[in-house]
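Heads up: the structure comes next, in structure tokens.
The values are calculated or read from the model by the stated rules, or taken from the named source; none is laboratory data. All values reported here derive from a predicted model rather than from experimental measurement. With ideal geometry, Cβ positions are generated from the backbone for all residues, glycine too; neighbour counts draw on all protein chains shown. Ligands, DNA and RNA are excluded from the accessible area calculation, which covers all protein heavy atoms including side chains. Shrake-Rupley method; radii C 1.70, N 1.55, O 1.52, S 1.80 Å.
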Amino acid sequence: MRYVAYKIHPQEFAENEIFEKSLMLDGKRIHRVRLLGNVNNVDKSNIVSFELDGISVKDFENKSLDVEENDLLDVVGRIGEYNGERYVALEVYSKKNENKDKWIELRNLEIEKTRNYVKDEETITYNREEMSGELSIESEALEDLYGDLDVKDKILDIIRENDGITYEDLIDNSGLEDVELDNVLSELKEDGEIYEPNPGSYRIL
């Protein structure tokens, strides 16, 4: 099972209990998180590691070699703990260095609007229909803050949070016309951002 990456504040990761590689959030266990924060203490001597607003992030695959001090980074990763140190094991990331204040404002709004969708992953099965509702709320929040959005970022976010999403669901969740979506998907595949494990379904590389 691939767990949902829930958006949380970095301080929530620091302050809440970790149990068996899951974070206790409002009494519920979650296994993957999505954090937005500023980078510092970058170390590329062995595996790439850095802090994100004080949270330890470890990149065991060394795919974040371009991360630099003071980048604003959007990180998706699994929760880990070793010898009493809690960390996020990086899966994917995106730099948000333009309009930093807007990205931070957006994330705060997203967390507020979607917190009710957090499920206890030890007892409840992931419901794709409910998460589609969450994406609609996030799209509205994005439009309120930005007007004309970076469409590729929007599509990447939808795919990132709905692993293996179908073309039809992308149409429904993005609000794009077929031709516009086709162009964006082609660019993302050429850029090496996404791939099709099966025709008509999409995953992040």
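Is it true that LEU23 is in contact with a Pro (Cβ under 9 Å, 6 or more places away or on another chain), under 24 Å from ILE159 (Cβ atoms) and in a strand (DSSP E or B)? Taking the combined requirement at face value, the residue does not satisfy it.
What number of residues within region 165-176 are open to solvent by 30 Å² or more (accessible area, probe 1.4 Å) and either assigned to a helix (DSSP H, G or I) or within 21 Å of TYR93 (Cα to Cα) (or both)?
5
Go through region 78-103 and give me each residue that's surrounded by 15 or more Cβ atoms within 10 Å (Cβ to Cβ) and assigned to a helix (DSSP H, G or I). The answer is TRP103, and nothing else. Would you mention how many residues in region 44-67 are in a loop (DSSP other than H, G, I, E, B) and either open to solvent by less than 40 Å² (accessible area, probe 1.4 Å) or out of contact with any Lys or Arg (no Cβ under 9 Å at 6 or more places or on another chain) (or both)? Here the count works out to 10. For region 32-43, the set of residues classified as touching a Leu at 6+ places or on another chain (Cβ under 8 Å) and either open to solvent by 10 Å² or more (accessible area, probe 1.4 Å) or among the charged types (D, E, K, R) (or both) consists of LEU36, ASN38, listed by residue number. Regarding region 35-58, can at least one residue be identified that is touching a residue at least 60 places away in the same chain (Cβ under 8 Å), in contact with an Asp or Glu (Cβ under 7 Å, 6 or more places away or on another chain) and either in the same structural domain as GLU110 (by the TED database) or under 18 Å from ARG115 (Cα atoms) (or both)? Within region 35-58 (the criterion being touching a residue at least 60 places away in the same chain (Cβ under 8 Å), in contact with an Asp or Glu (Cβ under 7 Å, 6 or more places away or on another chain) and either in the same structural domain as GLU110 (by the TED database) or under 18 Å from ARG115 (Cα atoms) (or both)), the answer is yes, since at least one residue qualifies.
Screening ASP74 with (1) assigned to a loop (DSSP other than H, G, I, E, B); (2) closer than 21 Å to ILE111 by Cβ; (3) of a type outside the set (S, T, N, Q) gives one miss only, at (1).
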